[in-house]
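Asker: Here's a structure for you.
The values are calculated or read from the model by the stated rules, or taken from the named source; none is laboratory data. Because the structure is predicted, anything quoted here is derived from the model rather than measured. So basically every Cβ, Gly included, is an ideal-geometry build from the backbone, and we count neighbours across all protein chains shown. Note: accessible area is taken over every heavy atom of the protein model, side chains too, but ligands, DNA and RNA are not part of it. Shrake-Rupley method; radii C 1.70, N 1.55, O 1.52, S 1.80 Å.
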Amino acid sequence: MASTSRPDVLALPRVQCPNHPDACLVEDYRAGDMICPECGLVVGDRVIDVGSEWRTFSNEKALKDPSRVGDAQNPLLNGGDLTTMISKGTGAASFDEFGNSKYQNRRTMSSSDRAMLNAFKEISTMADRINLPRNIVDRTNNLFKQVYEQKSLKGRANDAIASACLYIACRQEGVPRTFKEICAVSRISKKEIGRCFKLILKALETSVDLITTGDFMSRFCSNLGLPKQVQMAATFIARKAVELDLVPGRSPISVAAAAIYMASQASAEKKTQKEIGDIAGVADVTIRQSYRLIYPRAAELFPPDFKFDTPVDKLPQL
């Protein structure tokens, strides 16, 4: 039993171990117990935690100040997400004798907030599928909110707007993705995403940097399992081909695919056009057309320190 000492009437009661009165008791917040560190005796149980109910959302808030119990605030929603939504009950205690739900939401979410919330979930799902970081998701959400509040794309599906916003955010953050990559993780056609992309740029009066062959090279080579030497050679080939104006009017993606094909054929790690096309999202014939443009000057395109496994004159002519 715990003994309580009362030196005077005004002093608060002091809980102590009967065997070790001078020991500093340890409080187990999870179990609500006061434990003596000397002998392990549980001196008091069901101790009430009188501290504040703080929760910190360090991953979602830049500020260090903790928040009270509840979900993290979403500044993108009109109400700041400071609402409590009661889910539908399933047990008998959730309904009255007439079958009506006992617990109802006093304030339902507005249609605009509901639409934005659904779009944010779709954006997050698409970003997870292609392993995009959180800063891209945040930029996409902000872009979608601006477009939605302007009502400049009325009549367009929210999923199409969200997909186009994700494409723009990737371009603005310096990690561009192709239209086909965005199409693969969404339910929208490439043509519709392209239309929304142009309309959003016009509505928000913003712009994106032009994509280059170097934006995709490291990712394509990594997905193909090519070594660093081949990646550097492909990057050099693509950059040199653009400088020499060998591929006028060609997409940077098709030029990058052709450069990877040429570099891989000259090395020991040879890849077929189909393997490269599947990763880059371009057809075999597109790779061949770009390859034919750069093949006549192949000797000038390779870096000086490249170690050839196949000489330039033995490269496939297609």
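Asker: Quick one: Karplus J couplings for segment 264-277, per residue in order, coefficients 6.51, -1.76, 1.60, θ = phi - 60°, nearest Hz, x for Gly and Pro?
Answerer: 5, 5, 7, 9, 7, 8, 7, 10, 7, 5, 5, 4, 5, x
Asker: Over 19 Å between Cα atoms: which of 271/307; 151/191; 151/190; 228/307 fall into that group?
Answerer: 151/191; 151/190
Asker: Cβ under 12 Å from residue 256's Cβ, residue 256 left aside: what net charge do those residues give with Lys, Arg +1 and Asp, Glu -1?
Answerer: Net charge around residue 256: +2.
Asker: A further question follows. Can you list residues from other chains, or at least 5 along the same chain, whose modelled amide H is less than 5 Å from the amide H of residue 44?
Answerer: Under 5 Å from the amide H of residue 44 lie the amide H atoms of 34, each far enough along the sequence or on another chain.
Asker: Hey, can you find the accessible area per residue of segment 244-318 for me, probe 1.4 Å, expressed in square angstrom?
Answerer: On a per-residue basis, 50 Å².
Asker: Here is a further query. State the percentage of accessible surface on segment 111-204 attributable to carbon and sulfur atoms; use a 1.4 Å probe and exclude ligands, DNA and RNA.
Answerer: Carbon and sulfur: 47 percent of the exposed surface of segment 111-204.
Asker: About the Cα centre of segment 213-314, what is the dipole size in debye to 20, counting +1 per Lys and Arg Cβ and -1 per Asp and Glu Cβ, all else neutral?
Answerer: 80 debye
Asker: Can you give me the long-range amide H partners of residue 14? Hydrogens built in the peptide plane at 1.01 Å from N, cutoff under 5 Å, separation of 5 or more residues or another chain.
Answerer: It is 5, by chain and number.
Asker: Please give the net charge around residue 143, taking every other residue with its beta carbon less than 12 angstrom from that of residue 143, where Lys and Arg add +1 and Asp and Glu add -1.
Answerer: Charge balance in the 12 Å sphere: 0.
Asker: With every protein chain kept in place and ligands, DNA and RNA left out, what is the accessible area per residue of segment 111-204? Probe 1.4 Å, answer in Å².
Answerer: Accessible area per residue, segment 111-204: 49 Å².
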